[in-house]
Amino acid sequence: MFNFLTTSPASPKISLNIWVLVSLLIAAWIAVPVVFVFLGIFSWQGEIFSHLWETVLAEYIRNSLALMVGVGAGVFI
């Protein structure tokens with residue numbers, strides 16, 4: 001029905017239509033924060049992580065796990 005990537009037998013070039021272009025732009029826009037968070041893992045944060053570990057990190061982990069279980073149960077139901 002929809003032919004997003006088209007090739008002609010005479011030409012091996014791939015032509016992009018507007019839907020593919022818009023989809024790729026949206027995907028790139030959504031991927032940018034994920035890439036920055038991933039790159040932040042490898043940067044030196046000094047004493048911030050040890051401070052978080054001593055004060056609030058355990059609570060954040062418990063809250064995240066509870067949220068994951070709750071959302072998973074809601075989706076399952």
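The values are calculated or read from the model by the stated rules, or taken from the named source; none is laboratory data. In this text the structure is predicted, and so the values were computed from the model without any measurement. Reconstructed Cβ throughout: ideal geometry from the backbone, glycine too, with neighbour counts over all protein chains shown.
Within the stretch 1-30, restricting attention to residues that are at pLDDT below 65 and of a type in the set (Val, Ile, Thr), which residue is farthest from the chain's Cα centre (by Cα)? By that ranking, first place goes to Thr7. For His51, the criteria (1) surrounded by 10 or more Cβ atoms within 10 Å (Cβ to Cβ); (2) modelled with pLDDT under 85 hold in every case but one, which is (2).
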